[in-house]
Amino acid sequence: MSAEIEKILEEFDHDQRNLIHILHHVQARYAYIPPQTISYIARHLKISESEIYGVLTFYKGFSLEPRGKHLVTVCTGTACHVRGAPRIVDELERKFDIEVTETTKDKLFTLETVNCVGACALGPIVVVDGEYHGQMKISKVDKLIEKYKPAKENKSKS
Ligand code: FES
């Protein structure tokens, strides 16, 4: 990992304002911020590790935990909430057998919620890997999940 993180850091000078960009690159590479990368970043930018953890805690988009292959985010902002987002969250938790912020055992899905993704008229909205799925209904959840499962996944377990 050290060679990989060094390579990412080479793209940036030592300006502390690069922190967010660097974190985005690291997360894009590993799908989360591996804790062992923090000391490299701190050294590169000449800032403390606690400053970096402060930023990571502040910005919800960064994760210190490994995430699943697909990030499923349910909008629970007011407009989506009144149109049934909580029921969509419940259904996804049940299907995935996890709670919000957790990752499925097969590491395929991580479930999160967010407050408004700016497309209220289409609510309730579920965003998967940045792709918006509007007017979501419980009856559509199965189909949505299947779309992101590997083709060879066995669907007929009961
Ligand atoms: S409340 Fe869900 S998109 Fe605005």
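The values are calculated or read from the model by the stated rules, or taken from the named source; none is laboratory data. Small disclaimer: the values here were computed from a predicted structure and weren't measured. Here the Cβ is made from the backbone with ideal geometry for all residues, glycine too, and neighbour counts use every protein chain on show.
Among the residues of the range 70-98, the ones that are part of a helix (DSSP H, G or I) and of a type in the set (Gly, Ala, Ser) come to 2 in all.
From (1) touching a residue at least 24 places away in the same chain (Cβ under 8 Å); (2) surrounded by 12 or more Cβ atoms within 10 Å (Cβ to Cβ); (3) not assigned by TED's automatic domain parsing to the domain that holds His21, pick out the condition that doesn't hold for Asn115. Answer for Asn115: the failing condition is (2).
Residues in the range 135-154 that are loosely packed, with under 15 Cβ neighbours inside 10 Å and within 17 Å of Pro86 (Cβ to Cβ): Gln135, Lys137, Ile138, Ser139, Lys140. Considering the range 35-45, and only residues there that are surrounded by fewer than 17 Cβ atoms within 10 Å (Cβ to Cβ) and touching a residue at least 24 places away in the same chain (Cβ under 8 Å), the residue that is farthest from Thr57 (Cα to Cα) turns out to be Gln36. Scanning the range 91-140 for residues that are among the basic types (Lys, Arg), modelled with pLDDT of 95 or more and closer than 10 Å to Gly68 by Cβ turns up nothing. Selection over the range 99-117 of residues that are away from the ligand (no atom under 14 Å from the Cβ) and assigned to a strand (DSSP E or B) gives a count of 4.
Please specify each residue of the range 22-47 satisfying the condition of being among the aromatic types (Phe, Trp, Tyr) and part of a helix (DSSP H, G or I). Tyr30, Tyr40 - these are the residues of the range 22-47 that are among the aromatic types (Phe, Trp, Tyr) and part of a helix (DSSP H, G or I).
Within the range 54-89, the set of residues being touching a strand residue (DSSP E or B) at 6+ places or on another chain (Cβ under 7 Å) and of a type in the set (S, T, N, Q) comprises Thr73, Thr76.
Mind counting the residues in the range 118-150 that are within 11 Å of the ligand (Cβ to nearest atom) and assigned to a helix (DSSP H, G or I)? Here the count works out to 3.
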